[in-house]
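First the structure, in the form of structure tokens, and then the observations on it.
The values are calculated or read from the model by the stated rules, or taken from the named source; none is laboratory data. All values derive from a computational prediction rather than experimental measurement. Glycine also receives a Cβ, built like all others from the backbone with ideal geometry; neighbour counts cover every protein chain displayed. Note: accessible area is taken over every heavy atom of the protein model, side chains too, but ligands, DNA and RNA are not part of it. Shrake-Rupley method; radii C 1.70, N 1.55, O 1.52, S 1.80 Å.
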Amino acid sequence: MALTRHTARAAAFFDVDGTLVDATTMFDFLAHHLSARGRPEEYPVFRNRLADMTRAGAGRTQRCRAYYGMYEGLPVSSVTEEGAQWFADRAGRPGFFIESALAEFRSHATAGHVTVLLSGSFAACLNPIAEHLGSDVLLCSRPEVRAGRFTGTIDTPMIGTAKADAVSNLADEHHLDLGRSFAYGDHISDVPYMEMVGHPVVVGGDAEMVAHAAQYGWARLPGGPERMRSAEGTRK
């Protein structure tokens with residue numbers, strides 16, 4: 001959908017992992033990617049590496065950059081094809097989408113609100129989700145690409161305050177009315193962009209988010225029955 005500057009519209013911003021889908025897309029996709037290339041044993045090795053980084057005090061941005069290094073030198077086209085295959089497999093599994101948030105997404109789309117997916121994951125695994133849902137906008141991490149291949153580096157992952165900056169920029173560029181808008185998230189790192197809108201909604205039972213919702217009177221929705229995600233802070 002082409003957005004316009006002429007009429008202020010309400011938007012609905014949705015985090016993806018743990019909010020719309022009961023998975024950590026970037027890690028679930030990485031496991032699929034390595035398995036498809038005949039190297040499934042590399043996945044636990046990489047997860048152990050991230051755990052070591054966490055224990056050594058590495059921040060979420062550093063861990064995200066380590067993640068995107070796994071795709072260094074690979075053609076964007078081939079990783080994109082794998083993303084479509086990954087989604088076709090995962091979307092067919094019961095419980096992949098979190099029904100409470102999915103119903104809200106569809107309700108906002110029907111109401112004519114601008115629907116926005118907002119995630120620290122990347123387009124290879126998020127584009128199929130956005131296309132399936134018919135989302136108007138996808139704001140996500142953008143790993144560096146040169147000559148059609150991933151370089152293995154990324155400037156600023158779409159995590160934490162980067163999400164808030166992206167929401168602000170989109171609202172300014174397309175004349176969105178944030179006071180009338182909605183934001184959905186499941187993790188404390190989502191708070192900076194959620195508090196920018198008039199109608200923030202917490203999805204799931206994360207203890208920090210439940211407490212935040214109670215303190216500020218935010219609405220709540222149930223999450224997925226089973227988290228297929230790790231507790232790693234890189235998930236957002």
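Conditions: (1) under 30 Å from Ala147 (Cβ atoms); (2) under 20 Å from the mean Cα position of the chain (by Cα). Val21 meets all but one. Number of the miss?
(1)
Mind checking which residues of region 151-161 are under 16 Å from the mean Cα position of the chain (by Cα) and surrounded by fewer than 19 Cβ atoms within 10 Å (Cβ to Cβ)?
Listed by number, the residues that qualify are Thr156, Thr161.
Any idea how many residues of region 141-158 are within 11 Å of Tyr67 (Cβ to Cβ) and part of a loop (DSSP other than H, G, I, E, B)?
Number of matching residues: 4.
Are any residues in region 207-226 modelled with pLDDT under 95 and surrounded by 18 or more Cβ atoms within 10 Å (Cβ to Cβ), and if so, which ones?
Gly223, Gly224
Checking Arg60 against (1) in contact with a Ser or Thr (Cβ under 8 Å, 6 or more places away or on another chain); (2) free of Cβ contacts under 8 Å to residues at least 24 places away in the same chain; (3) not aliphatic (A, V, I, L, M): exactly one of these is not met. Which one?
(2)
Within region 9-53, which residues are in a loop (DSSP other than H, G, I, E, B) and open to solvent by 40 Å² or more (accessible area, probe 1.4 Å)?
Arg37, Gly38, Arg39, Pro40, Glu41
From the list Gly148, Gly120, Gly112, which one is within 18 Å of the chain's Cα centre (by Cα) and in contact (Cβ under 8 Å) with a residue 24 or more places away in the chain?
Sole residue among the options that is within 18 Å of the chain's Cα centre (by Cα) and in contact (Cβ under 8 Å) with a residue 24 or more places away in the chain: Gly120.
Condition test on Arg39, is it without any contact (Cβ under 8 Å) to a residue 24 or more places away in the chain and among the basic types (Lys, Arg)?
Against the criterion (without any contact (Cβ under 8 Å) to a residue 24 or more places away in the chain and among the basic types (Lys, Arg)), Arg39 qualifies.
Assess whether Pro128 counts as being under 20 Å from Met70 (Cβ atoms) and assigned to a helix (DSSP H, G or I).
Taking the combined requirement at face value, the residue satisfies it.
Can you find a residue in region 168-183 that is of a type in the set (Ser, Thr, Tyr), closer than 27 Å to Val210 by Cα, more than 16 Å from the chain's Cα centre (by Cα) and not in a loop (DSSP other than H, G, I, E, B)?
Looking for residues that are of a type in the set (Ser, Thr, Tyr), closer than 27 Å to Val210 by Cα, more than 16 Å from the chain's Cα centre (by Cα) and not in a loop (DSSP other than H, G, I, E, B), one finds at least one in region 168-183, hence yes.
State all residues of region 94-109 that are within 19 Å of the chain's Cα centre (by Cα) and more than 30 Å from Gly179 (Cβ to Cβ); if no residue qualifies, say none.
Listed by number, the residues that qualify are Gly95, Phe96.
Among the residues of region 158-179 satisfying the criterion of being within 16 Å of Cys140 (Cβ to Cβ) and of a type in the set (S, T, N, Q), which is modelled with the highest pLDDT?
Asn169
Return the total of residues in region 105-140 being farther than 21 Å from His175 by Cα and buried (at least 22 other Cβ atoms within 10 Å of the Cβ).
Total satisfying the criteria: 8.
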